[in-house]
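The values are calculated or read from the model by the stated rules, or taken from the named source; none is laboratory data. Here the structure is a predicted model, which is why all the values come from computation and not from measurement. Reconstructed Cβ throughout: ideal geometry from the backbone, glycine too, with neighbour counts over all protein chains shown.
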C-alpha cells in the first residue's frame with residue numbers, strides 16, 4: 001500500500017513537471033507549426049495518462065521513461081531537432097556531419113512503446129513473459145515507429161518545403177531507415193535493461209500471479 005501511495009505521488013510530480021516543460025517549450029519556439037507537430041504526442045499523452053491513472057496506474061519505471069521521452073520531444077519541439085543545443089554540442093565535440101539529437105528521440109520512440117506494450121500485455125494477462133512477450137512488444141514499437149514515419153510523409157506531402165524542420169532529415173537519404181533501426185534498438189534495450197524492474201513493480205501493483213520474466 002505504501003509503495004502504491006509513493007508511486008502515485010511520484011506520478012503526480014512527474015505529470016506536473018511535464019506540464020511545466022510543455023509551457024516552457026511553447027515560449028517563443030523556433031518554428032510554431034513544427035513545435036505543435038513535435039509536441040503533439042506529449043499534448044495527447046498527458047490527458048490520457050491523467051484520465052487512466054486512477055484505474056490503471058503505470059509502474060514508476062514506465063512513468064519515468066515517459067517523462068524523459070516527453071522532455072526530449074519538447075526540447076526538440078522548441079528548437080527544432082536540427083538546431084537543438086545538446087545535439088549541436090555533441091556534433092561539435094565529435095566532429096559529426098549533422099545534429100544527431102533526433103536519433104535520441106527515435107531511440108526513445110522504440111523504448112517507450114515497447115515498455116508500455118509490455119506492461120499492458122502482462123497486466124491484462126495476455127502474456128506473462130518469454131519470447132512471445134519480447135516479440136509482440138518489439139513489433140508494437142516498430143509499428144508505432146513506422147506509423148510515425150507515415151505521418152512525416154503525409155505532412156511533407158501537404159506542407160512541402162515548409163515541413164523540412166519537422167522531418168529533420170538534414171540531407172540524410174537513409175534517415176527513415178536510421179529512425180526505424182534506432183526504434184528497434186530502443187525496443188530491445190528497454191526490455192533488456194528495464195524489464196525485470198518493471199516486472200517487480202507490476203508484481204507489487206497486481207499482487208501474486210503477475211509476471212514471469
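The residues of the range 108-125 that are within 18 Å of residue 201 (Cα to Cα) and within 19 Å of the chain's Cα centre (by Cα), listed by number, are 111, 112, 113, 114, 115, 116, 117, 118, 119, 120, 121. Checking each residue in the range 62-85 for being part of a helix (DSSP H, G or I) and farther than 16 Å from residue 17 by Cα picks out 76, 77, 78, 79, 81, 82, 83, 85.
Can we say residue 36 is assigned to a helix (DSSP H, G or I), under 18 Å from residue 107 (Cα atoms) and within 17 Å of the chain's Cα centre (by Cα)? Considered against the rule, which asks whether it is assigned to a helix (DSSP H, G or I), under 18 Å from residue 107 (Cα atoms) and within 17 Å of the chain's Cα centre (by Cα), residue 36 comes out as no. When the range 126-153 is filtered for residues that are loosely packed, with under 15 Cβ neighbours inside 10 Å and either touching a residue at least 24 places away in the same chain (Cβ under 8 Å) or within 15 Å of the chain's Cα centre (by Cα) (or both), the ones remaining, listed by number, are 130, 143, 146, 147. Which of (1) touching a residue at least 40 places away in the same chain (Cβ under 8 Å); (2) crowded, with 18+ Cβ neighbours inside 10 Å; (3) at negative phi does residue 73 not meet, given it meets every other one? That leaves (1) as the condition not met. The single residue among 50, 93, 88 that is out of contact with any strand residue (DSSP E or B) (no Cβ under 9 Å at 6 or more places or on another chain), surrounded by 15 or more Cβ atoms within 10 Å (Cβ to Cβ) and either in a loop (DSSP other than H, G, I, E, B) or at negative phi (or both) turns out to be 88. Within the range 11-30, the set of residues being at pLDDT below 90 and touching a helix residue (DSSP H, G or I) at 6+ places or on another chain (Cβ under 6 Å) comprises 11 only.
Scanning the range 22-33 for residues that are assigned to a loop (DSSP other than H, G, I, E, B) and touching a residue at least 60 places away in the same chain (Cβ under 8 Å), we see that the one that is surrounded by the most Cβ atoms within 10 Å (Cβ to Cβ) is 31. Restricted to the range 97-213, the set of helices (runs of 4 or more DSSP H) holding at least 3 residues that are touching a helix residue (DSSP H, G or I) at 6+ places or on another chain (Cβ under 6 Å) and at pLDDT 95 or above comprises 101-123, 131-159, 175-206.
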